[in-house]
Structure formats: C-alpha cells, structure tokens
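Asker: Structure incoming, see below.
Every number here is computed from the coordinates shown, using simple stated rules; none is lab data. Not measured: the values here are computed from a predicted model. So basically every Cβ, Gly included, is an ideal-geometry build from the backbone, and we count neighbours across all protein chains shown.
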Amino acid sequence: MEKEREHTDVYKTLKFLRNELKNFGGIAAQLKPSSGEIPEINGIDIYGEVIPFNGVAGGDHIIYVDFNKRYDLDRRIAKAQKDNQQEIAEKLQMNKRRAGILLADAAGHNITDALLVAMLHQAFLTGVQYELKQNGEVTADLFEILNTRFFNSSSLSKFITLIYGEIADTGKFRFINAAHPLPVVFSNLYDKLIEVCFQQIYRFPPIGTLPSEEDVDSDRNVSVLGYKRKYFVYEIHLMGAGDILLLYTDGFSEHGIDKETTYFSSRLEETLKRIKNGSAREIYFNLKEDLLNFAEPHDDIGFVVVKKI
C-alpha cells in the first residue's frame with residue numbers, strides 16, 4: 001500500500017509539472033513579440049524568419065525596423081526643424097531611405113531563452129524611440145546601453161549574440177556586431193559567394209558578458225574579466241542588381257551532418273546559384289527546404305535574405 005501511495009504521489013507530481021511546463025510554454029510563446037512588418041525599401045527585397053528548434057519558441061529572434069511604417073518621420077522632422085535641430089532633421093530624413101534589421105541569438109534554444117530575447121526586443125525598441133528623438137538615427141551607443149543593462153541583469157551562462165544593421169536603397173549595409181556570425185554576400189555578377197573584407201575586424205563579446213570600458217558608470221560595474229571596447233560600425237556595399245546579403249545565426253552556419261559536413265560550407269553556394277533569380281521570400285523558403293532536407297536541426301535556425309533588385 002505504501003509503495004502504491006508513493007507511485008500515485010510521484011505520478012501526480014509529474015502530471016503537475018508537465019501541466020506547469022505546458023502552461024509556461026504557452027505563456028512564453030505569447031510573451032515573445034513578433035518581428036514586426038518586413039521593411040519595404042526601393043530597390044531592396046527582404047525576407048527572413050526563425051525556425052525554432054522546439055517548434056514553439058527559442059533563442060533566435062528577428063526585429064524589423066521599417067522607419068517609414070513604425071514612426072511618423074515627417075512629424076519628427078518638422079519638430080526637429082522647429083527646434084532648430086537641423087542635423088537631427090537631416091538624419092531623420094535619411095531614415096526614409098533605409099530600414100533596420102536586428103538578428104539575435106540567446107544562448108540555448110529552450111522556451112526560457114525566448115524570454116531573454118523578449119527582454120531585448122522591448123529594450124531595443126524603447127531605445128530606438130529615444131535615439132530618433134536625440135540623434136535622428138540609431139547609433140552604436142544604444143548597444144552600449146543594452147550591453148550594460150544585460151550585464152547587470154543576467155548571468156554569464158545566459159548571453160545574447162546579435163547583429164544590427166541598416167540597409168539603404170543604395171545597397172549600403174551598415175552594421176554593428178556582438179559575437180555574431182558575420183554576413184555573407186552572394187555576387188550575382190560572379191555567381192558565387194564573395195569574401196567581405198573589412199578595414200578592421202574586432203571580435204566583440206556577446207551582449208551582457210562584459211561592460212564597456214567607456215561606460216561612465218564603469219566604476220559601478222565591476223568585472224573580474226575586464227571590459228570591452230566600444231562598438232564600431234562595419235559597412236558592406238551591394239553594388240549590383242541581384243546581389244544577395246545573408247544574415248544568419250550559428251544555427252544556420254553550423255547546421256549539418258557533423259562538424260566537418262555543414263550545409264554552409266558544402267551546399268549553400270550551389271543552392272544560391274540555382275535559386276538566385278527568385279524574390280527574397282522565394283530564396284528564403286527554397287533555402288529553408290534545402291537546409292532541412294540536408295540534415296536534422298540541432299538548434300534554432302534564423303536567417304534573413306536581403307536582395308538588391
């Protein structure tokens with residue numbers, strides 16, 4: 001009788017925990033915000049989604065910033081001009097011709113990791129509002145603040161890599177990177193992936209692991225591991241029609257049969273050659289299908305296709 005009672009108690013406990021996890025998963029899926037509307041920029045075609053490993057929610061996340069759709073730029077410009085802030089007005093005007101894309105990857109692919117990127121989502125968009133008011137554009141300083149905020153509120157075992165960039169109608173892509181895989185470009189003219197060269201490459205740590213050495217409150221943010229350098233901005237120029245810029249998380253770049261046989265290294269270029277004439281949306285779904293046929297996922301997979309048209 002005693003053993004039967006013990007088995008019944010264990011069963012009830014497990015059932016309770018399963019129900020709680022199910023409820024938590026539902027709440028987490030609802031709490032994770034949507035990526036927002038995919039931007040519409042003259043001469044640029046954009047599409048991307050996240051494929052969550054658990055099928056519900058995970059650590060990969062995309063935030064689209066269509067400045068024309070999200071914000072009343074004309075009203076902001078008029079106010080800046082009225083306040084004699086001509087430089088801010090000019091930068092706000094430039095936002096009419098560009099859009100932002102943030103791709104983030106929280107360590108892990110569990111539902112709890114979705115909550116971490118949900119925190120980033122809200123903090124980032126709040127920061128964008130302030131940046132437009134103060135500077136007329138998003139600056140690298142926003143990511144210094146986000147980094148410090150997450151350093152003070154998360155642990156080393158829970159961190160976020162991210163890339164945030166702005167694509168202009170000219171094809172110029174300006175971005176900052178925090179320990180995230182660097183973008184790749186497929187050249188339509190040369191029909192291959194081309195190496196993107198930067199004047200300087202510096203491997204910044206993930207968001208929240210090290211405070212900035214230029215933080216005015218650095219004396220309050222003691223770090224036994226040291227401090228990170230200030231973020232700087234990289235640039236890529238998509239010069240030709242049909243060029244494709246690919247942003248992705250490590251779930252994409254490391255996806256494969258084993259560490260030596262990855263989709264990225266063995267099949268990506270050939271697939272892009274075959275599907276390059278499609279729209280960004282068509283390229284995304286063709287890549288997704290080919291990727292999942294190549295091997296079973298072992299992580300969240302997020303990627304964004306940016307095509308110059």
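Asker: Taking the Cβ of Glu40 as the centre, find all other residues whose Cβ is under 14 Å away and add up their charges (Lys, Arg: +1; Asp, Glu: -1). Intermediate results must be reported in sequence, preceding the final value.
Answerer: Values: positive: Lys69, Arg70, Lys96, Arg97, Arg98, Arg281, Lys307; negative: Glu37, Asp45, Asp66, Asp169.
Spelling it out: positives minus negatives among the neighbours equals +3.
Asker: Relative to the Cα centre, what is the charge dipole magnitude of the range 38-308, using +1 at the beta carbon of each Lys and Arg, -1 at the beta carbon of each Asp and Glu, and rounding to the nearest 20 debye?
Answerer: On the way: 30 positive and 39 negative charges, 144 e Å.
Here the range 38-308 has a charge dipole of around 700 debye.
Asker: Also, I was wondering about something else. Would you please give the residues with an amide H less than 5 Å from that of Val184, counting only those at least 5 places away or on a separate chain, with H modeled from the backbone geometry?
Answerer: Leu246
Asker: Separate question: With θ set to phi - 60° and the Karplus curve 6.51 cos²θ - 1.76 cosθ + 1.60, what are the ³J(HN,Hα) couplings of the range 283-295 in order, to the nearest whole Hz, using x for Gly and Pro?
Answerer: Going residue by residue, I get 4, 4, 6, 5, 4, 4, 4, 5, 4, 6, 6, 5, 6 Hz, with x marking Gly and Pro.
Asker: If the only charges are +1 at each Lys and Arg Cβ and -1 at each Asp and Glu Cβ, what is the size of the charge dipole of the range 66-139 around the Cα centre, to the nearest 20 debye? Please report the intermediate quantities before stating the final value.
Answerer: Values: 11 positive and 10 negative charges, 74 e Å.
Magnitude of the dipole: close to 360 debye.
Asker: Please compute the modelled spin-label separation between Lys259 and Val233, points set 7 Å along Cα→Cβ, answer in nm with one decimal.
Answerer: 3.8
Asker: Among the listed pairs Lys228/Lys276; Lys172/Lys192; Lys133/Lys228, give every one whose C-alpha distance is greater than 31 Å. If you can, show how the numbers build up before the last one.
Answerer: Numbers: Lys228/Lys276 39 Å; Lys172/Lys192 19 Å; Lys133/Lys228 27 Å.
Correct reply: Lys228/Lys276.
Asker: In straight Cα distance, which aspartates and glutamates are under 18 Å from Lys273, not counting same-chain residues fewer than 8 positions off?
Answerer: Counting by Cα, and skipping residues close in sequence, Lys273 has these aspartates and glutamates nearby: Asp45, Asp191, Glu195, Asp243, Glu282, Glu289, Asp290.
Asker: Looking at Ser266, Gln134, Ala168, which one has the Cα that reaches farthest to the positive end of the dipole of the range 38-308 (charges on Cβ: Lys, Arg +1; Asp, Glu -1)?
Answerer: Working it through, the farthest residue towards the positive pole turns out to be Gln134.
Asker: Once you list every other residue whose beta carbon is under 12 Å from the beta carbon of Glu282, what net charge do they have if Lys and Arg are +1 and Asp and Glu are -1? Intermediate values should be presented prior to the final figure.
Answerer: Numbers: positive: Arg274, Lys276, Arg281, Lys288, Lys307; negative: Asp45, Glu289.
Once positives and negatives cancel, what remains is +3.
Asker: Charges at C-beta only: +1 for Lys and Arg, -1 for Asp and Glu. How large is the resulting dipole of the range 151-309 about its Cα centre, in Debye rounded to 20? Write down the numbers at each step before the final one.
Answerer: Values: 18 positive and 23 negative charges, 66 e Å.
Around 320 debye, computed over the range 151-309.
Asker: Per residue of the range 140-148, in order, report the coupling 6.51 cos²θ - 1.76 cosθ + 1.60 (Karplus, θ = phi - 60°) as ³J(HN,Hα) in whole Hz, putting x for Gly and Pro.
Answerer: For the range 140-148, the Karplus curve yields 5, 4, 4, 6, 5, 5, 4, 4, 5 Hz.
Asker: Quickly rank 84-92, 298-306, 258-266 as a protection proxy: mean count of other C-beta atoms within 10 Å, highest first. Mind showing how you got there, number by number?
Answerer: On the way: 84-92: 16.1, 298-306: 23.9, 258-266: 13.0.
Sorting 84-92, 298-306, 258-266 by mean packing, highest first, produces 298-306, 84-92, 258-266.
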